[in-house]
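Nothing in this text is a laboratory measurement; each read-out follows from the coordinates by a stated rule. Computed from a prediction, not measured in an experiment: that's the story for all the values here. Cβ: placed from backbone, ideal geometry, glycine included. Neighbour counts: every protein chain shown.
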Amino acid sequence: MPHGIELSFALRKFIEKKISSLSRFAGDILSAEVVLREKSGANGLFSVRARLALPGRDVHGNAVHENFYAAINQLVARLARLSRKRKTRFEKGIRRPSRFQFAARTPTDLRKQRRVRHNEKLSERSIRSLSPRVAAM
């Protein structure tokens, strides 16, 4: 999607070629949205943003450069790095454990533990309360 600029056929093909090369890192790309802009106020700076729609979380990237082609190359490098990071994360199987995995103990075990801790605290208090009396005798 060009904003405020003309998108030539050659530039469009270049973007399609570069984005399609990301399929080796993320073969499950559902869609890609690329936004091209000329930065207002900054002479000769171009901004390129992209979002790769993937199952799960999307991958976002942006780049700013004086040349459109260089900005697109920077953007693709960033998206490739993020996609590679996502791919290795899935391959290694690093997942956040759910909160229910930690609840391996049954409620009766937890009650027993609480009772034992409570009794230990009571015995410590009684020993502390007796120690001044013993010293006074």
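Here are the numbers for this structure:
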| item | result |
| --- | --- |
| Cross-link pairs beyond the 32 Å C-alpha cut-off, checked among Lys92/Lys112; Lys39/Lys92; Lys17/Lys85 | Lys92/Lys112; Lys39/Lys92 |
| Protection proxy ranking of 75-81, 8-14 - average other beta-carbon atoms within 10 Å, highest first | 75-81, 8-14 |
| For the stretch 80-85, 3J(HN,Hα) per residue [Karplus equation, 6.51 cos²θ - 1.76 cosθ + 1.60, θ = phi - 60°, Hz, x = Gly/Pro] | 5, 4, 5, 5, 5, 4 |
| Amide H contacts under 5 Å for Leu45, placed H, 5+ residues apart | Lys39 |
| Amide H contacts of Ala32 (H built 1.01 Å from N, under 5 Å, at least 5 apart or other chain) | Ala53 |
